[in-house]
Amino acid sequence: MHSLQAADFAAVKEAVDTGSATIVDVRNPGELQEEGKIPKAINLPLPELKQAMELSAEEFQQKYGCARPGQTEPLILHCKGGIRAAKAAGQLTESGYSNLKVYQGSFADWVSNGGPVEK
């Protein structure tokens, strides 16, 4: 397995501001409703992640309201603290995704650094 690339607050902030990467939030939907989310992040809960990425482009768009990320598109994965995001990276690597970074510290780090939160 590849060693995981890490993303920090600055890299995630740049992705939010410029669209340089797709931010994937693998927390459960209830956590987003309760705590909010990083702007522009798409929510693909860890339990359905592998299956979601195997949907056709049309099915993915219908279910998640956005385009399915391509296998070489830059993705930054996050959860609340980083553990589920690392698991997600492993699953996506097995599915052929190659341009992945895990946001170390994840949503907790985003909030502690004063990043904007959408509710």
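Residues in the range 19-44 that are part of a loop (DSSP other than H, G, I, E, B) and among the basic types (Lys, Arg): ARG27, LYS40.
For the range 99-113, give me each residue that is in a loop (DSSP other than H, G, I, E, B), modelled with pLDDT of 95 or more and in contact with a helix residue (DSSP H, G or I) (Cβ under 9 Å, 6 or more places away or on another chain). Within the range 99-113, GLY105, ASN113 meet the criteria. Of the residues VAL12, VAL16, which single one is touching a His at 6+ places or on another chain (Cβ under 8 Å), in a helix (DSSP H, G or I) and modelled with pLDDT of 95 or more? Result of the check over VAL12, VAL16: VAL12. When restricted to residues that are surrounded by 11 or more Cβ atoms within 10 Å (Cβ to Cβ), acidic (Asp, Glu) and more than 13 Å from the chain's Cα centre (by Cα), the range 15-47 contains 2. Checked against (1) touching a strand residue (DSSP E or B) at 6+ places or on another chain (Cβ under 8 Å); (2) part of a helix (DSSP H, G or I); (3) over 18 Å from LYS119 (Cβ atoms), LYS50 meets all criteria but (1). Among the conditions (1) free of Cβ contacts under 8 Å to residues at least 60 places away in the same chain; (2) closer than 18 Å to ASP8 by Cα; (3) in a helix (DSSP H, G or I), the only one that LEU92 does not satisfy is (2). Restrict the check to the range 63-77 and report whether at least one residue is at pLDDT 95 or above and part of a helix (DSSP H, G or I). Yes: one or more hits.
Looking at LYS119, is it out of contact with any helix residue (DSSP H, G or I) (no Cβ under 7 Å at 6 or more places or on another chain), under 23 Å from GLU31 (Cα atoms), modelled with pLDDT under 95 and loosely packed, with under 15 Cβ neighbours inside 10 Å? Show your work before the answer.
Numbers: out of contact with any helix residue (DSSP H, G or I) (no Cβ under 7 Å at 6 or more places or on another chain): yes; under 23 Å from GLU31 (Cα atoms): yes; modelled with pLDDT under 95: yes; loosely packed, with under 15 Cβ neighbours inside 10 Å: yes.
Spelling it out, LYS119 is indeed out of contact with any helix residue (DSSP H, G or I) (no Cβ under 7 Å at 6 or more places or on another chain), under 23 Å from GLU31 (Cα atoms), modelled with pLDDT under 95 and loosely packed, with under 15 Cβ neighbours inside 10 Å.
Among the residues of the range 1-40, the ones that are touching a residue at least 60 places away in the same chain (Cβ under 8 Å) and of a type in the set (Ser, Thr, Tyr) come to 0 in all.
The values are calculated or read from the model by the stated rules, or taken from the named source; none is laboratory data. The structure presented is a predicted model; accordingly, all values stated were derived computationally and were not measured. Cβ: placed from backbone, ideal geometry, glycine included. Neighbour counts: every protein chain shown.
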